[in-house]
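Okay, structure first, notes after.
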Amino acid sequence: MIVPNVDMTAQEFTHPEDAAALSALESIPLLPALTKKFMDIGAEQMIFIKEIMEREDMKGLIKEGAKQFKEAQRSGGITAVKSMNRCPNCGTPFEKGARSCSECGCDLTKQNK
């Protein structure tokens, strides 16, 4: 079994060919700024959708129905999901003590303090 090295930074984890490809993309004029703007717009939309879902009656949004929703409420499953630590960059859940996001590589050391 391979055990991941949790002390690695995102830069140390990145394959050299991936780093070279990213560098080539970043050298294209305006591409980094355009990509950031798209991400900002997408993040705004996700926040908007999250706010709507928090305001709406969740029973009607869950496929399994009211019985399963009540069970999830009773068991604490909904509260557990809402209280999960999430990456500030991409929203991926992470365990306490994680140093970087498993999805985007964002530094999580500040979030774990």
Count of residues meeting criterion [under 24 Å from L108 (Cβ atoms) and surrounded by 11 or more Cβ atoms within 10 Å (Cβ to Cβ)] in the stretch 9-45: 10
Residue match in the stretch 73-96 (condition: modelled with pLDDT of 80 or more, basic (K, R), in a helix (DSSP H, G or I) and within 25 Å of T9 (Cβ to Cβ)): no
Hits in the stretch 68-113 - residues which are of a type in the set (A, V, I, L, M) and surrounded by fewer than 13 Cβ atoms within 10 Å (Cβ to Cβ): A80, V81, M84
Tally of residues being surrounded by fewer than 10 Cβ atoms within 10 Å (Cβ to Cβ) and at pLDDT 70 or above across the stretch 48-59: 0
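The values are calculated or read from the model by the stated rules, or taken from the named source; none is laboratory data. Note that the structure is predicted; figures quoted are calculated from it, not measured. Cβ coordinates were reconstructed from backbone atoms using ideal geometry, including for glycine residues, and neighbour counts include every protein chain displayed.
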